[in-house]
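The structure appears below as structure tokens.
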Amino acid sequence: MTFISYKIYIVFQALTNQEKSALEDGSSWDEVQAARKKVLWNVCRKQPELNVNMTWIIHEHKRWLWPFIYNDKHRLIYCYVSKIASTNWKSAFLVLMGKYKRVEDVRGSRAHDPSLPKLSKLQPEEIEWRLKNYTKFLFVRDPLSRALSGYRSKFLQPNKAFQRGIGRRIIQMYRPNPNPESLKTGKDVTFPEFASYLSNAKPAKMDGHWKPIHDMVLPCGVHFDYIGKLETGHRDSVEILKRAHVDDIIYFKESTRNVSHDNGVFNSFYDQLKPHHVKGLYKQYELDFKLFDYTLPRHMREWVFGKH
């Protein structure tokens, strides 16, 4: 049996009242899943722009299926999203392929193995058959928590590619009188500057580490069997693996950090923002909030929606 250390960085603001209630009252996992899918499809019915023609996608625009990884032996399809434990799940699929014996053997960038089977590389009829017959799942995350995670990993750690590419552009656009060193390296982007950039960016040109989830996963076109959330990642992972009949091969070992610490990290960054930053971020990620049933922290709701 292979063990994965599943690191869940919980931010309590990310849990909706529905999620808290479900966890507290012992609701069955199937009931939670039914509630998540009901919310998603209610939003899909109200947002016609999200209801894509899957036949058109499969036959004419297969590149949209790039994030969909599949495993034929176990009839599984996983749609990965960056900053939502995607490295762990890619590693798990490499183990299911037989390429590694243990997930621990999948070091660093090896998880992003180009040999991972993707739907986008198949013929249309092969894609259609798998989408109809395989178990399909994805994981989502609170939009603000995910945006912060993207910022911290790309701009608070050494990353010349992002800092010289996107970082310099952000500084040029949003910093009055930047010094020559900042313009040269782009490595000191502040979180308010990053928030301004996200608020005004066109989703089609955004990097996948912070691009809105709904722009990558075809949420109203693909009928996902399971919707996992990072905030309930251990429970969701265990149940998905069990239902896929691979829980004897892979087991997600829960490992959480101190909750108050994570709340402190979240607040220490978002306290730097002004109301217009939060309004811009909410507008950018509004459909992610609605589709996946997330809410803003209470004080931010007043900034976005006003006092009620």
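The values are calculated or read from the model by the stated rules, or taken from the named source; none is laboratory data. Predicted, not measured: the structure shown is a model, and the values here were computed from it. For neighbour counting, all protein chains shown are included, and Cβ atoms are generated from backbone atoms with ideal geometry for every residue, glycine included.
Summary table below
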quantity: Residue match in the range 143-154 (condition: touching a strand residue (DSSP E or B) at 6+ places or on another chain (Cβ under 6 Å), closer than 30 Å to Leu241 by Cβ and touching a residue at least 12 places away in the same chain (Cβ under 8 Å)); calculated: no
quantity: Leading residue by the ranking (surrounded by the most Cβ atoms within 10 Å (Cβ to Cβ)) among those in the range 170-199 that are farther than 21 Å from Arg146 by Cα, among the charged types (D, E, K, R) and in contact (Cβ under 8 Å) with a residue 12 or more places away in the chain; calculated: Arg175
quantity: Check on Glu181, more than 24 Å from the chain's Cα centre (by Cα), within 19 Å of Leu218 (Cβ to Cβ) and in a helix (DSSP H, G or I); calculated: no
quantity: Lone qualifier among His234, His209 - being at pLDDT below 95 and within 16 Å of the chain's Cα centre (by Cα); calculated: His234
quantity: Criterion: over 28 Å from Ile171 (Cβ atoms), touching a residue at least 40 places away in the same chain (Cβ under 8 Å) and of a type in the set (Ser, Thr, Tyr) - qualifying residue of Tyr251, Tyr285, Tyr270; calculated: Tyr251
quantity: Residue ranges of helices (runs of 4 or more DSSP H) in the range 248-307 with at least 2 members at pLDDT below 95 and not β-branched (Val, Ile, Thr); calculated: 259-270, 298-305
quantity: Qualifying residue in the range 101-108 (condition: surrounded by 19 or more Cβ atoms within 10 Å (Cβ to Cβ), more than 17 Å from the chain's Cα centre (by Cα) and assigned to a helix (DSSP H, G or I)); calculated: yes
quantity: Among (1) surrounded by fewer than 20 Cβ atoms within 10 Å (Cβ to Cβ); (2) among the small types (Gly, Ala, Ser); (3) at pLDDT 95 or above - the single one Ala147 does not satisfy; calculated: (1)
